[in-house]
Amino acid sequence: MNKLTAKDIRIERLTKDFDLTNFISYEKELVAFLKEDALDNQEKMISVTYLWLINETNELCGYLTLLNDKINLEGDLKEIFKNKGILYKSLPALKIGRLCVDDRFLRRDLGTLMVLFAIQKAKEIYLEKSGCRFITLDAKRNKDISRDSIHFYKYSNFNILKERNKGATPMFLDLFNK
Ligand SMILES: CC(C)(COP(=O)(O)OP(=O)(O)OC[C@H]1O[C@@H](n2cnc3c(N)ncnc32)[C@H](O)[C@@H]1OP(=O)(O)O)[C@@H](O)C(=O)NCCC(=O)NCCS
(Lines give C-alpha, C1' and ligand atoms only; values in the text may rest on other atoms or scores of the structure.)
Protein backbone atom coordinates (compact mmCIF):
# COMPACT_ATOMS: atom_id res chain seq x y z
CA MET A 1 0.00 0.00 0.00
CA ASN A 2 1.30 3.47 -0.80
CA LYS A 3 2.23 5.83 2.05
CA LEU A 4 -0.07 8.76 2.85
CA THR A 5 1.04 12.38 3.23
CA ALA A 6 -0.54 15.47 4.83
CA LYS A 7 -1.97 16.38 1.40
CA ASP A 8 -4.13 13.22 1.39
CA ILE A 9 -5.73 14.05 4.76
CA ARG A 10 -8.31 16.41 6.24
CA ILE A 11 -8.35 16.91 10.02
CA GLU A 12 -11.62 17.85 11.75
CA ARG A 13 -12.50 18.42 15.37
CA LEU A 14 -15.03 15.79 16.50
CA THR A 15 -18.70 16.86 16.48
CA LYS A 16 -21.93 14.89 16.78
CA ASP A 17 -22.36 15.09 12.99
CA PHE A 18 -19.67 12.53 12.14
CA ASP A 19 -20.55 8.90 11.46
CA LEU A 20 -18.13 6.80 13.53
CA THR A 21 -19.83 3.42 13.06
CA ASN A 22 -17.38 1.96 10.50
CA PHE A 23 -14.19 2.66 12.46
CA ILE A 24 -12.29 -0.56 13.30
CA SER A 25 -9.12 -1.36 15.25
CA TYR A 26 -7.57 -4.41 16.87
CA GLU A 27 -7.44 -2.21 20.01
CA LYS A 28 -11.13 -2.56 20.91
CA GLU A 29 -10.85 -0.19 23.88
CA LEU A 30 -9.81 2.61 21.51
CA VAL A 31 -12.80 1.95 19.25
CA ALA A 32 -15.12 2.02 22.28
CA PHE A 33 -13.58 5.30 23.49
CA LEU A 34 -14.17 6.96 20.11
CA LYS A 35 -17.74 5.75 19.77
CA GLU A 36 -18.87 6.11 23.39
CA ASP A 37 -16.73 8.60 25.32
CA ALA A 38 -14.78 10.97 23.05
CA LEU A 39 -17.58 13.47 22.41
CA ASP A 40 -18.82 13.36 25.99
CA ASN A 41 -15.28 14.05 27.30
CA GLN A 42 -14.90 16.87 24.80
CA GLU A 43 -18.19 18.48 25.85
CA LYS A 44 -17.02 18.27 29.47
CA MET A 45 -13.75 20.08 28.50
CA ILE A 46 -11.62 17.04 29.47
CA SER A 47 -10.06 16.35 26.06
CA VAL A 48 -10.34 17.29 22.38
CA THR A 49 -10.56 14.66 19.64
CA TYR A 50 -9.42 15.20 16.06
CA LEU A 51 -10.72 12.97 13.29
CA TRP A 52 -8.50 12.11 10.35
CA LEU A 53 -10.33 11.76 7.06
CA ILE A 54 -9.11 10.74 3.62
CA ASN A 55 -9.65 13.78 1.40
CA GLU A 56 -10.77 11.93 -1.69
CA THR A 57 -13.19 9.45 -0.13
CA ASN A 58 -14.12 11.07 3.22
CA GLU A 59 -13.27 7.77 4.97
CA LEU A 60 -12.43 8.03 8.68
CA CYS A 61 -8.89 6.61 8.88
CA GLY A 62 -7.84 7.55 12.42
CA TYR A 63 -8.29 9.78 15.42
CA LEU A 64 -6.19 11.58 17.99
CA THR A 65 -7.26 12.83 21.43
CA LEU A 66 -5.30 15.58 23.20
CA LEU A 67 -5.40 16.99 26.74
CA ASN A 68 -3.13 18.94 29.09
CA ASP A 69 -0.60 17.20 31.31
CA LYS A 70 2.60 17.67 33.33
CA ILE A 71 5.68 15.60 34.07
CA ASN A 72 6.92 15.40 37.65
CA LEU A 73 10.70 15.81 37.67
CA GLU A 74 11.82 12.84 39.77
CA GLY A 75 14.82 10.51 39.86
CA ASP A 76 17.07 10.66 36.76
CA LEU A 77 14.90 13.30 35.12
CA LYS A 78 15.24 15.56 38.17
CA GLU A 79 19.04 15.28 37.89
CA ILE A 80 19.05 15.87 34.13
CA PHE A 81 16.98 19.05 34.48
CA LYS A 82 18.90 20.21 37.54
CA ASN A 83 22.03 20.09 35.36
CA LYS A 84 20.21 22.28 32.85
CA GLY A 85 19.45 24.79 35.63
CA ILE A 86 15.74 23.80 35.83
CA LEU A 87 14.72 23.16 39.43
CA TYR A 88 10.92 22.97 39.22
CA LYS A 89 9.03 19.98 40.62
CA SER A 90 7.13 19.51 37.38
CA LEU A 91 7.02 20.84 33.81
CA PRO A 92 4.01 21.36 31.50
CA ALA A 93 3.10 18.98 28.70
CA LEU A 94 0.52 18.15 26.07
CA LYS A 95 -0.74 14.57 26.33
CA ILE A 96 -1.71 12.23 23.52
CA GLY A 97 -4.61 10.63 25.40
CA ARG A 98 -5.60 8.34 22.54
CA LEU A 99 -4.17 7.75 19.08
CA CYS A 100 -5.57 5.12 16.77
CA VAL A 101 -5.30 4.29 13.08
CA ASP A 102 -8.12 2.27 11.49
CA ASP A 103 -6.95 -1.32 10.75
CA ARG A 104 -7.43 -0.76 7.01
CA PHE A 105 -4.89 2.11 6.98
CA LEU A 106 -2.04 0.74 9.12
CA ARG A 107 1.64 1.17 8.16
CA ARG A 108 0.98 4.02 5.72
CA ASP A 109 2.55 6.76 7.91
CA LEU A 110 -0.71 8.01 9.44
CA GLY A 111 0.45 7.34 13.03
CA THR A 112 3.65 9.27 12.32
CA LEU A 113 1.66 12.17 10.83
CA MET A 114 -0.57 12.20 13.93
CA VAL A 115 2.45 12.46 16.23
CA LEU A 116 3.74 15.36 14.09
CA PHE A 117 0.31 17.03 14.41
CA ALA A 118 0.48 16.74 18.23
CA ILE A 119 3.99 18.28 18.17
CA GLN A 120 2.68 21.11 15.99
CA LYS A 121 -0.21 21.73 18.45
CA ALA A 122 2.22 21.80 21.41
CA LYS A 123 4.40 24.33 19.60
CA GLU A 124 1.34 26.47 18.84
CA ILE A 125 0.42 26.40 22.54
CA TYR A 126 3.93 27.53 23.42
CA LEU A 127 4.17 30.23 20.73
CA GLU A 128 0.68 31.65 21.20
CA LYS A 129 -0.66 30.78 24.66
CA SER A 130 1.28 29.05 27.40
CA GLY A 131 4.31 26.96 28.40
CA CYS A 132 4.52 23.42 27.02
CA ARG A 133 7.81 21.51 27.17
CA PHE A 134 6.83 17.88 26.49
CA ILE A 135 4.49 15.55 24.67
CA THR A 136 3.43 12.72 26.99
CA LEU A 137 1.48 9.50 26.43
CA ASP A 138 0.82 6.06 27.89
CA ALA A 139 1.91 3.48 25.31
CA LYS A 140 -0.05 0.25 25.10
CA ARG A 141 2.01 -2.91 25.25
CA ASN A 142 1.01 -5.88 23.12
CA LYS A 143 2.39 -9.44 23.31
CA ASP A 144 2.38 -9.42 19.53
CA ILE A 145 5.51 -7.36 18.79
CA SER A 146 4.03 -6.13 15.49
CA ARG A 147 1.29 -4.49 17.60
CA ASP A 148 3.43 -3.12 20.43
CA SER A 149 2.99 0.65 20.24
CA ILE A 150 6.18 1.29 22.30
CA HIS A 151 8.20 0.40 19.17
CA PHE A 152 6.16 2.84 17.14
CA TYR A 153 6.71 5.68 19.65
CA LYS A 154 10.44 4.92 19.90
CA TYR A 155 10.52 5.22 16.11
CA SER A 156 8.99 8.71 16.64
CA ASN A 157 11.81 9.58 19.13
CA PHE A 158 9.83 9.20 22.38
CA ASN A 159 11.65 8.04 25.54
CA ILE A 160 10.31 5.81 28.29
CA LEU A 161 9.46 7.83 31.42
CA LYS A 162 8.84 4.86 33.75
CA GLU A 163 9.36 1.18 33.01
CA ARG A 164 6.22 -0.78 33.90
CA ASN A 165 5.84 -4.57 33.79
CA LYS A 166 2.08 -4.38 33.57
CA GLY A 167 -0.28 -1.97 31.83
CA ALA A 168 0.64 1.06 29.75
CA THR A 169 4.16 2.51 29.70
CA PRO A 170 4.43 6.30 30.23
CA MET A 171 6.59 7.92 27.52
CA PHE A 172 7.64 11.47 26.70
CA LEU A 173 9.19 13.62 24.01
CA ASP A 174 11.18 16.74 24.99
CA LEU A 175 10.23 19.51 22.53
CA PHE A 176 13.12 21.80 23.40
CA ASN A 177 15.33 22.28 20.30
CA LYS A 178 13.18 19.90 18.22
C1 LIG B 1 0.61 2.23 16.70
C2 LIG B 1 -0.11 2.84 15.48
C3 LIG B 1 -0.68 4.19 15.86
C4 LIG B 1 0.89 3.01 14.35
O5 LIG B 1 0.24 3.67 13.26
P6 LIG B 1 0.68 3.47 11.75
O7 LIG B 1 -0.01 4.49 10.93
O8 LIG B 1 0.48 2.07 11.36
O9 LIG B 1 2.25 3.76 11.85
P10 LIG B 1 3.22 4.35 10.72
O11 LIG B 1 2.85 3.85 9.38
O12 LIG B 1 3.32 5.82 10.89
O13 LIG B 1 4.59 3.67 11.18
C14 LIG B 1 5.82 4.30 11.13
C15 LIG B 1 6.88 3.34 11.61
O16 LIG B 1 6.69 2.99 12.96
C17 LIG B 1 7.01 1.60 13.14
N18 LIG B 1 5.77 0.93 13.56
C19 LIG B 1 4.49 1.26 13.25
N20 LIG B 1 3.63 0.45 13.89
C21 LIG B 1 4.38 -0.39 14.62
C22 LIG B 1 4.08 -1.42 15.51
N23 LIG B 1 2.82 -1.73 15.81
N24 LIG B 1 5.11 -2.12 16.07
C25 LIG B 1 6.37 -1.81 15.78
N26 LIG B 1 6.73 -0.79 14.96
C27 LIG B 1 5.75 -0.10 14.40
C28 LIG B 1 7.53 1.09 11.84
O29 LIG B 1 8.93 1.23 11.82
C30 LIG B 1 6.90 2.02 10.85
O31 LIG B 1 7.65 2.20 9.69
P32 LIG B 1 7.52 1.15 8.46
O33 LIG B 1 6.07 0.82 8.27
O34 LIG B 1 8.13 1.89 7.33
O35 LIG B 1 8.30 -0.05 8.92
C36 LIG B 1 -1.24 1.89 14.97
O37 LIG B 1 -0.70 0.58 14.86
C38 LIG B 1 -2.46 1.84 15.85
O39 LIG B 1 -3.33 2.69 15.76
N40 LIG B 1 -2.56 0.82 16.70
C41 LIG B 1 -3.73 0.62 17.56
C42 LIG B 1 -3.86 1.66 18.60
C43 LIG B 1 -2.61 1.93 19.40
O44 LIG B 1 -1.86 1.03 19.77
N45 LIG B 1 -2.39 3.21 19.67
C46 LIG B 1 -1.25 3.68 20.40
C47 LIG B 1 -1.40 3.55 21.87
S48 LIG B 1 -2.42 4.78 22.58
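Within region 120-143, restricting attention to residues that are hydrophobic (A, V, I, L, M, F, W, C) and either part of a loop (DSSP other than H, G, I, E, B) or in contact (Cβ under 8 Å) with a residue 40 or more places away in the chain (or both), the residue that is nearest to the ligand (Cβ to nearest atom) is Leu137. Determine whether Ile71 is farther than 30 Å from Leu30 by Cα and β-branched (Val, Ile, Thr). So Ile71 fails the test.
Between Lys95, Lys3, the distinction of being buried (at least 17 other Cβ atoms within 10 Å of the Cβ), at pLDDT 95 or above, among the charged types (D, E, K, R) and in contact with an Asp or Glu (Cβ under 7 Å, 6 or more places away or on another chain) belongs to Lys95 only. Within region 128-178, no residue satisfies the criterion of being within 12 Å of the chain's Cα centre (by Cα) and surrounded by fewer than 12 Cβ atoms within 10 Å (Cβ to Cβ). The residue that is nearest to the chain's Cα centre (by Cα), among those in region 62-85 that are more than 30 Å from Phe23 (Cβ to Cβ) and touching a residue at least 40 places away in the same chain (Cβ under 8 Å), is Ile71. Based on what the data block shows, is Asp148 of a type in the set (Asp, Glu), more than 21 Å from Glu74 (Cα to Cα) and either without any contact (Cβ under 8 Å) to a residue 24 or more places away in the chain or within 8 Å of the ligand (Cβ to nearest atom) (or both)? Answer is yes for this residue.
Region 1-119 holds helices (runs of 4 or more DSSP H) entirely within its bounds, and those carrying 3 or more residues that are away from the ligand (no atom under 14 Å from the Cβ) map to 38-43, 75-83. Looking only at residues in region 155-166 that are touching a residue at least 12 places away in the same chain (Cβ under 8 Å) and outside any strand (DSSP E or B), the one that is farthest from the ligand (Cβ to nearest atom) is Leu161.
The values are calculated or read from the model by the stated rules, or taken from the named source; none is laboratory data. Keep in mind the model is a prediction, meaning the values are calculated, not measured. Backbone-built Cβ (ideal geometry, glycine too); neighbour counts: all protein chains shown.
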